[in-house]
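Q: One structure is given below, represented as structure tokens, and several questions about it will come after.
The values are calculated or read from the model by the stated rules, or taken from the named source; none is laboratory data. None of the values given here were measured: they were computed from a predicted structure. Positions of Cβ are generated from backbone atoms using ideal geometry, with glycine treated the same way; all protein chains shown enter the neighbour counts. Heavy atoms of the whole protein, side chains included, go into the accessibility calculation; ligands, DNA and RNA do not. Shrake-Rupley method; radii C 1.70, N 1.55, O 1.52, S 1.80 Å.
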Amino acid sequence: MTDPRTEPSADPGPLLSVRGVDIAYRTGRRSRVTAVHGVSFDLHPGQSMALVGESGCGKTTLGLGLLRLLPRNGLVPAGEILFRRKDGSTADIRSLGAEELRRFRWSEAAMVFQGAMNAFNPVLRIEDHFLDTFRAHETGRPRRRAEIREESAHLLEMVRLDPARVLDAHPHELSGGMRQRALIALALALGPQLLILDEPTTALDLLTQRAIVERLSELREELRFSMVFITHDLGLAAELADRVGTMYAGRLIETGTTRDIFYRPRHPYTAALIDSVPPVSGGLVVPESLPGGPPGLASLPPGCSFAPRCRHARQVCGERRPELEVLHTRGDGLSHAAACLRSRELAAEGATRD
Amino acid sequence: MATEIAASPPPPDTGTAAPSRDGAPLPPHLRVWRHYALVKVRKALVVVFVVANVTFFLGRAMPGDPIDVMAGRLTQGGMSLEEARIIAANSLAYDPGAPLWQQWWDFIVGLATFDMGMTINRPGFTVADSIAAYLPWTLFSIGVGTVIAVTLGLGLGMAMAYRRNRVLDHVLSVVASVLGAIPNYLIAMLLVVGGGMYLSWFDPIALRGTLSPGVEAGFNAEFLGDALYHAGLPIFTYVLAIIGTWMLIMKASTTEVLSEDYVTVARARGLRDRRIAVSYVGRNAILPLVAQIAISFGTLVGGAIFVEQVLVYKGVGGLLLDAVNYRDYPLLQGLLVVLTTCVVAANLVADLLYSRLDPRIRK
């Protein structure tokens, strides 16, 4: 078996190309609520992208939608999710058949979940989870149990867990941090090209978070997988991501390199998010909070969804919906884009900081 | 590596405190598991003892003793009351003069030595013989009925959860609710009247009893076939009586498990649907229901008394009714103690089974 994850990313084409994806939930026989609107972004091999935003902005829905793991009432009515597969072909995940989708999942794109505390079946041992995963993706002759156990042990060592203790344990015998590490090891089992992490460290204490995040970025260097990192922790995003996308009310409202986003945010919402994080060093600054919450998805305001909470809003903001507009493109092809009618104006005024 | 591991978050002290409670060094989980079982057995014995006492005193709290009852019957034939009492006293193995505490002591000592004494109304028969002659039929029909109903109920309930809010779910939900609302003796009557008399699917007269005339007990096809033939109606009644409840609780349990993260993760891991349904959904949905199997069994034992009367099935139900009517204290006590023991034993088995199936309890 050739191992594409060790190959250098010679091919310049994107690994994942999300084009105009809508995601909706059926709420009744005829009614549906659109949770994600026309999201587009490209993710190149080895790159990592953070999706940030408040709760309820559609980040998790988008993450689940990428693997078609939405709950029964969820659907992707529009758009394309193009994925360059290990065999070199490009497939739209939206149109994969059930069996093809099953084989695609985890072997090419794996996901570490928000609720990783409950990610393991309570009645099975950790080893059984590895066994089930390998067996489900086996082609040809079944491998021996001992062989799989050995490989699982190796994976657990990669995330700094003691395989002898963890493999035979049931999930409830492990701490939250250990379970999260074990899930990351499980996610790497089949050498996926893409890892989607949905708030992977939310329920953990700071030291455990730190250890996991560090190990994760080391592993990424080593194995060269791409990452979509969903978080509301901007610190983590700054650390792990090459690029950041801000989501608000189901739309991607600003994308750019991590540097661009943190030093030159061009959307007032991104700027407000950054301002709400207290600095770790420097003088005592009272972080500025952003009053209110994201609008209900069933009743979005007609213009810019953020306008009602935006202190720079003008009348036009409530009438016309801004599209994501490229502000500048860097030499390496990465661009900074924001969906704000006044972004250039505000940048000139210095209102969104520089 | 070792230091890294040591640095990783809390080892056993929080999550797995239970086994090391008494600081036992060698196989701790086995020790504690035995301990767990032992606790359950002790509790079960206490329950049986309490029920035995309740039956003893309740039986005697009913108006009239065995001699009154029999004398009452004899006087209806024109005998004088005094004459009737003498005949009754002579033909019954009951001494009305024995003080209550004496009777109680004999009963408790008898229980402790597995001797439930002689019946009062069936001279020459011990209580144990009488129960042994009838109880197997009841346990057989209830046991088979429970197994069928639980198996079918689990399967249908799971199917309903997987297809919730579709046609199958709606139809089965109505059926299950209706079945759950009809008392079991009414189901028995409906079966006899509807299936036997109006539709003539079977001959309700030939189905009476536990065996057809001339069939001898033994391990052969004829006996087993005939036993099943006669038990068919009671079994079917029991199945209908509890299957609705099982469908509904399994549907609820499965629906809950389906929303668990580990099911979504299993889908994300690309596991096959069958594997997810059996090991991830099914197993976790059934776990909390294991204990309820014993509850169902207990419900049916109670219901059997009516159902067996309606279907004229010679199980323990008729015997119990006779024991009450004739104030046959030893038989009544013996029957209730044995039935209680059966139900308590079923609960015990369910508890122990649950502790084996759920690793979180096994400690």
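Q: Between rounded, prolate and oblate, where does segment A:1-143 land on the alpha carbon gyration tensor, with a ≥ b ≥ c its root eigenvalues, rounded for a/c under 1.5, else prolate if a/b exceeds b/c?
A: Numbers: a/c = 1.71, a/b = 1.21, b/c = 1.41.
In terms of gyration-tensor shape, oblate.
Q: On to the next question. Amide H of A:Leu197 versus every other amide H placed in the peptide plane: which residues, excluding those fewer than 5 positions away on the same chain, fall under 5 Å?
A: The list, which skips near neighbours in sequence, is A:Val112, A:Val228, A:Phe229, A:Ile230.
Q: Compute the label zone of A:Glu99 within segment A:125-160: residues whose backbone N is under 20 Å from the point 7 Å along Cα-to-Cβ.
A: The answer is A:133-143.
Q: Need one value for A:130-141: mean number of C-beta atoms belonging to other chains within 10 Å of its residues' C-beta atoms. Before the final figure, lay out the partial values.
A: Numbers: counts 0, 0, 9, 4, 1, 3, 7, 3, 0, 0, 0, 0.
For this peptide, the per-residue mean of nearby foreign Cβ atoms is 2.
Q: List the residues of segment B:323-363 whose accessible area drops by at least 10 Å² when all protein chains are present, compared with their chain alone, using a 1.4 Å probe and counting only protein heavy atoms.
A: Residues shielded by partner chains are B:Pro359, B:Arg360, B:Arg362, B:Lys363.
Q: Would you mind giving the total buried accessible surface between chains B and A, with a 1.4 Å probe and ligands, DNA and RNA left out, rounded to the nearest 100 Å²?
A: Details: alone 20610 and 16790 Å², together 34310 Å².
In total, chains B and A hide about 3100 Å² from solvent.
Q: What is the calculated FRET efficiency for B:Ala128 to B:Val174, with r their C-beta to C-beta distance and R₀ = 35 Å, to the nearest 0.05? Walk me through the numbers before you get to the answer.
A: Details: r = 46 Å, r/R0 = 1.33.
Efficiency, rounded to the nearest 0.05: 0.15.
Q: Further question: Would you grab the residues whose amide H sits under 5 Å from the one on A:Gln47? Only those 5+ places off in sequence or on another chain, please, with H modelled 1.01 Å from N.
A: Counting only residues 5 or more places away or on other chains, the set is A:Met227.
Q: Need one value for A:167-177: mean number of C-beta atoms belonging to other chains within 10 Å of its residues' C-beta atoms.
A: Details: counts 0, 0, 4, 6, 3, 6, 7, 5, 7, 2, 3.
Partner Cβ neighbours, averaged per residue: 4.
Q: For segment A:294-305, just list the computed ³J(HN,Hα) in residue order, Karplus coefficients 6.51, -1.76 and 1.60, θ = phi - 60°, integers in Hz, with x standing in for Gly and Pro.
A: Ordered by residue, 3J(HN,Hα) equals x, x, x, 5, 6, 9, 6, x, x, x, 5, 5 Hz.
Q: A follow-up question, please. Between B:Phe114 and B:Asn90, how many nm apart are label points set 7 Å from Cα along the C-beta direction?
A: 3.8
Q: A further question follows. Give the peptides B:280-293, B:83-96, A:140-153 in descending order of average Cβ contacts within 10 Å, highest first. Present the calculation step by step, with values, prior to reporting the outcome.
A: Values: B:280-293: 19.7, B:83-96: 16.0, A:140-153: 12.8.
So the peptides B:280-293, B:83-96, A:140-153, ranked by packing, come out B:280-293, B:83-96, A:140-153.
Q: So, one more: Can you grab the distance from the C-alpha centre of segment B:229-280 to the C-alpha centre of segment B:69-125, Å, no decimals?
A: Distance between centres, Cα-based: 51 Å.
Q: Additional query: What distance in nm separates the two pseudo spin-label positions at A:Glu288 and B:Leu190, each 7 Å out from Cα along the beta-carbon direction?
A: 7.1
Q: Further question: In Å², and per residue, what accessible area does segment B:136-325 have when probed at 1.4 Å with the other protein chains present?
A: Here the per-residue accessible area is 46 Å².
Q: Right, something else. Using only the alpha-carbon atoms, how far is helix B:290-311 inclined from the longest principal axis of chain B? Give it as 0 to 90 degrees, nearest 10.
A: 30
Q: So, one more: Amide H of A:Gly245 versus every other amide H placed in the peptide plane: which residues, excluding those fewer than 5 positions away on the same chain, fall under 5 Å?
A: Counting only residues 5 or more places away or on other chains, the set is A:Ala50, A:Leu51, A:Val52.
Q: Also, quick follow-up: Once label points are set 7 Å from the Cα along Cα→Cβ at both B:Leu352 and B:Ala291, what is their separation, rounded to one decimal in nm?
A: 1.8
Q: Within the accessible area of segment B:271-350, what % is carbon and sulfur when the probe is 1.4 Å and the other protein chains stay in place? Show your work: numbers first, answer last.
A: Numbers: 1920 of 2920 Å².
Roughly 66 percent, rounded to a whole number.
Q: A further question follows. Once a ≥ b ≥ c are taken as the square roots of the eigenvalues of the Cα gyration tensor of the protein assembly as shown, is the result rounded (a/c under 1.5), prolate (a/b larger than b/c) or oblate (a/b not larger than b/c)? Write down the numbers at each step before the final one.
A: On the way: a/c = 2.83, a/b = 2.47, b/c = 1.15.
It is prolate, given that a/c is not under 1.5 and a/b is the larger ratio.
Q: Follow-up. Only helical DSSP H runs with n ≥ 4 go in: add -39500 (n - 2.57) per run for the protein assembly as shown, normalise by residue count and round the 222 nm mean residue ellipticity to 500 deg cm²/dmol. Numbers along the way, then the final one.
A: Working: 25 runs with 346 residues, N = 717.
Dividing the helical sum by the residues of the protein assembly as shown leaves -15500 deg cm²/dmol.
Q: Here is a follow-up. Between B:Met62 and B:Ile148, how high is the FRET efficiency from 1/(1 + (r/R0)^6) when r is the Cβ-Cβ distance and R₀ = 30 Å? Nearest 0.05.
A: Values: r = 37 Å, r/R0 = 1.22.
The pair B:Met62/B:Ile148 has a calculated efficiency of 0.25.
Q: What shape does segment B:76-132 take by its C-alpha gyration tensor, where a ≥ b ≥ c are the square roots of the eigenvalues and a/c under 1.5 counts as rounded, a/b above b/c as prolate, and the rest as oblate? It would help to have the intermediate numbers written out before the result.
A: On the way: a/c = 4.23, a/b = 1.71, b/c = 2.47.
Oblate shape, in that a/c is at least 1.5 and b/c is the bigger or equal ratio.
Q: Okay, next question. What does the average come to when, for each residue of peptide B:256-267, you count the partner chain Cβ atoms lying within 10 Å of its Cβ?
A: Numbers: counts 0, 1, 2, 2, 5, 9, 13, 2, 10, 16, 9, 7.
Shielding by partners across B:256-267 averages 6.
Q: Quick one: what are the phi-derived ³J(HN,Hα) couplings along segment A:29-37, Karplus 6.51/-1.76/1.60 with θ = phi - 60°, whole Hz, x for glycine and proline?
A: 4, 10, 9, 9, 10, 8, 8, 10, 10
Q: Let me ask you something else. Angle between the Cα long axis of helix B:66-76 and the longest principal axis of chain B, 0 to 90 degrees, nearest 10?
A: 50
Q: Please find the FRET efficiency linking A:Arg224 to A:Arg26, where r is the Cβ-Cβ separation and R0 is fixed at 45 Å, and quote it to the nearest 0.05.
A: Numbers: r = 39 Å, r/R0 = 0.86.
Rounded to the nearest 0.05, the efficiency is 0.70.
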